[in-house]
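Notes follow once the structure below has been shown.
The values are calculated or read from the model by the stated rules, or taken from the named source; none is laboratory data. As the structure is a prediction and not an experimental result, all values here were calculated from the model. Glycine also receives a Cβ, built like all others from the backbone with ideal geometry; neighbour counts cover every protein chain displayed. Side chains included, ligands, DNA and RNA excluded: accessible areas come from the protein's heavy atoms. Shrake-Rupley method; radii C 1.70, N 1.55, O 1.52, S 1.80 Å.
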Amino acid sequence: MIYVLALLWLITLASLFLPINNYGIIPRNISGLKGVIFSPFIHSYPFHLIANSLSLYILGIILISLERNRTILIIVHIIIWGGLGTWLIGRGGTVHVGSSGVIYGIMGYLFSVGIFNRNFKTIIISLITFFLYGGAIWGIFPSRSFISWEAHLCGLISGVMIAKMYSKSH
């Protein structure tokens, strides 16, 4: 997770000098589809990444400790499904960037994995995650015009769907 955060910080610093934000999700615009892949790595400004770093680190560590070999695959699914959802329902005329959709996806996965797997370890992880991050659920509702609640919602939904999908293989 340290390497992922270091990469995000390098990209954020580069965005101060380069027009990287153009690679975000632009809803219902074909050229905006590239943002499905690139947007989680782009942050509008350093404070945007500061707001995401701690949660990404903590939830990422919990996911890695739970899923080890499947972590990257789960994250890729969250990026693609959550990004496509944001592309479909996002507010027009905006560019959606940031890793918060992935954070909400990991959170959704961890919230629901205990429900779907029904074993002691995953139930405890779901409860701990809910205790730590349950208040973040309010982020899936519109609040401020500069916050992509759509990415939060689509990330959360994608995380729950992926937890359900992987629960069949347990």
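Within segment 99-120, the residues that satisfy the criterion of being surrounded by fewer than 24 Cβ atoms within 10 Å (Cβ to Cβ) and either touching a helix residue (DSSP H, G or I) at 6+ places or on another chain (Cβ under 7 Å) or among the charged types (D, E, K, R) (or both) are PHE111, SER112, GLY114, ILE115, PHE116, ASN117, ARG118.
Does segment 1-31 hold any residues that are within 17 Å of GLY155 (Cβ to Cβ) and either among the small types (Gly, Ala, Ser) or not in a helix (DSSP H, G or I) (or both), and which are they?
Answer for segment 1-31, where residues must be within 17 Å of GLY155 (Cβ to Cβ) and either among the small types (Gly, Ala, Ser) or not in a helix (DSSP H, G or I) (or both): GLY24, ILE25, PRO27.
GLY93 - would you say it is without any contact (Cβ under 8 Å) to a residue 24 or more places away in the chain, open to solvent by less than 70 Å² (accessible area, probe 1.4 Å) and among the small types (Gly, Ala, Ser)? So GLY93 fails the test. Among all positions in segment 16-30, there is no residue which is small (Gly, Ala, Ser), open to solvent by less than 80 Å² (accessible area, probe 1.4 Å) and more than 17 Å from the chain's Cα centre (by Cα). Scanning segment 129-162 for residues that are part of a helix (DSSP H, G or I) and loosely packed, with under 15 Cβ neighbours inside 10 Å turns up PHE131, GLY134, GLY135, TRP138.
Kindly indicate whether any position in segment 104-122 is assigned to a helix (DSSP H, G or I) and touching a residue at least 60 places away in the same chain (Cβ under 8 Å). No: segment 104-122 contains no residue that is assigned to a helix (DSSP H, G or I) and touching a residue at least 60 places away in the same chain (Cβ under 8 Å).
On the basis of being surrounded by 14 or more Cβ atoms within 10 Å (Cβ to Cβ) and among the aliphatic types (A, V, I, L, M), does ILE123 make the cut? Here the answer is yes, as ILE123 does meet what is asked.
Out of ILE26, ILE89, ILE61, one residue alone is within 30 Å of ILE123 (Cα to Cα) and out of contact with any Ser or Thr (no Cβ under 7 Å at 6 or more places or on another chain). It is ILE61. Of all the residues in segment 68-90, those that are open to solvent by less than 20 Å² (accessible area, probe 1.4 Å), in contact (Cβ under 8 Å) with a residue 12 or more places away in the chain and closer than 22 Å to TYR57 by Cβ number 4.
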